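The values are calculated or read from the model by the stated rules, or taken from the named source; none is laboratory data. As the structure is a prediction and not an experimental result, all values here were calculated from the model. All Cβ positions, glycine included, derive from the backbone under ideal geometry; neighbour counts span all protein chains shown. Note: accessible area is taken over every heavy atom of the protein model, side chains too, but ligands, DNA and RNA are not part of it. Shrake-Rupley method; radii C 1.70, N 1.55, O 1.52, S 1.80 Å.
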Amino acid sequence: MTLPVTGYAAQSATSPLAPFAFERRDLRPDDVEIDILYCGVCHSDLHTARGDWGEFSIYPVVPGHEIIGRVRNVGTGVTKYKDGDLVGVGCMVDSCRECEPCKHDLEQYCENGNTGTYCSHDRHDGSITYGGYSTAIVVSEDFVLRVPENLDTKAVAPLLCAGITTYSPLRHWNVGKGSKVAVVGLGGLGHMAIKLAVAMGAEVTLFSRSPNKADDAHALGANHVVISTDEVQIAEVANQFDVIIDTVPYDHDLKPYLPTLALDGTLVLVGVVGELSETISTWPLLAGRRSIAASMIGGIKETQEMLDFCGEHNVLPDVEMIDMQNINEAYERMLKSDVKYRFVIDMASLKK
């Protein structure tokens, strides 16, 4: 039997999210059926619902790729999970599983395109995937994650996007005790980058255009704050940072940050999607064998590693809980950066 569910969907790029009834697929042998407890709200949800990324939006759009819930039912071939397990689903629900990235647990870089949690075509039946702004979801066990029970369940959801998006480059560029890390921007991604880098033992600096972010940055664990528009402060941190995690989600100038990289340092873009209009000068790159790179979420194995790390170190995002009925207001507030630092939807509100 298919599973009837209730959710919220955007019917077009200009319509607000509103109640939407639909059905999840019958359980395949490897499927896990999950009752959704909480779902994080990501900027990607807003951009997709409003058609900002063009062809990526397939209406009706049911957003949500930061999903926390408990297993309700499993397919006949499932071995990893059982009823009652606390689990999560992130940005992907499938991939080709055969290309080189997939074979190396890097499904996010699947050469044939991973299957997104929403607005993607199911690889088996061609149906459109619907996300976590709903009461339940059905996902292959290989794309389900085990959530540490010791963490505050209400706050875990954003780890599945904001958490892994910042954890993956920190790990890939070998951040650890003694590393010097800078973070550009203090929002959903930036505050997680600070918390994770601190937990890894790094000395952490926030680059911000706003002096009033200093107290918040220090409260999150940052050791230093540098105002990126202050040329004197920028000059004082020249040649320092092993890694800079740039979380700014819009077009911006990278030039001020490049001279602050140490020899062989790397600036990693994780926030902006699309074009950068400013031309990059090669001089600061040549002068220190520096690099500009980009990184996208993480594979399933690494995402599980991140959840386990957060469980061990009690690292969680700062969240504000909302009811599903307030999602459109939350979107408007998110555009104004009026949240510290991530909204999470309590799915119990859908039963009201």
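Around the amide H of Ala136, modelled in the peptide plane, lie the amide H atoms of Thr6, Ile36, all under 5 Å away and 5 or more residues distant in sequence or on another chain. Please report the relative contact order for the chain, taking Cα pairs under 8 Å with a sequence separation of at least 6, and give it as a percent rounded to a whole number. For the chain, the relative contact order is 17 percent. For Lys180, the lysines whose Cα falls under 22 Å of its own Cα, not counting residues fewer than eight places away in the same chain, are Lys195, Lys213, Lys255.
Ligands, DNA and RNA are left out, and with a 1.4 angstrom probe the accessible area of the chain is 44 Å² per residue. With R₀ fixed at 35 Å, the C-beta to C-beta distance from Arg70 to Glu329 puts the FRET efficiency at about 0.80. Mean-square fluctuation check for the chain, GNM, Cα pairs under 10 Å: which of Ala21, Ala49, Ala217 is largest? Top of the fluctuation ranking is Ala21.
Dividing the mean sequence gap of close Cα pairs (under 8 Å, 6+ apart) by how many residues the range 162-294 holds gives a relative contact order of 22 percent. When DSSP beta bridges are restricted to pairs lying wholly in the chain, around 55% turn out antiparallel.
Straight-line cross-link reach from Lys103 at under 29 Å between alpha-carbon atoms covers these lysines, not counting any fewer than eight positions away in the same chain: Lys80, Lys82, Lys301. Measuring only protein heavy atoms, the 1.4 Å probe finds Tyr250 accessible over about 130 Å². For Arg72, which sequence-distant residues (separation of 5 or more, or a different chain) have an amide H within less than 5 Å of its own amide H, given hydrogens modelled in the peptide plane? Placed amide hydrogens put Glu33, Ile34, Asp35, Gly84 under 5 Å from Arg72. Across the options Ile292, Gly84, Ala9, the greatest Cα extent toward the positive end of the charge dipole of the chain (unit charges at beta carbon of Lys, Arg, Asp, Glu) belongs to Gly84. Note on the chain: with a GNM built from Cα contacts shorter than 10 Å, the maximum mean-square fluctuation among Gly131, Gly163, Gly116 falls on Gly116.
Mean-square fluctuations from a GNM of the chain, with a 10 angstrom spring cutoff on Cα atoms, peak among Ala202, Ala162, Ala287 at Ala287.
Could you calculate the FRET efficiency of His121 with Asn223 from 1/(1 + (r/R0)^6), where r is the beta carbon distance between them and R0 is 51 Å, rounded to 0.05? Show your work: numbers first, answer last.
Working: r = 46 Å, r/R0 = 0.90.
The calculated FRET efficiency here is 0.65.
Computed over the alpha-carbon pairs of the range 162-294, the distance histogram in 10 Å steps reads 13, 49, 34, 3 percent, short to long. Largest first, the residues His104, His43, His252 sort by 1.4 Å accessible area into His104, His43, His252.
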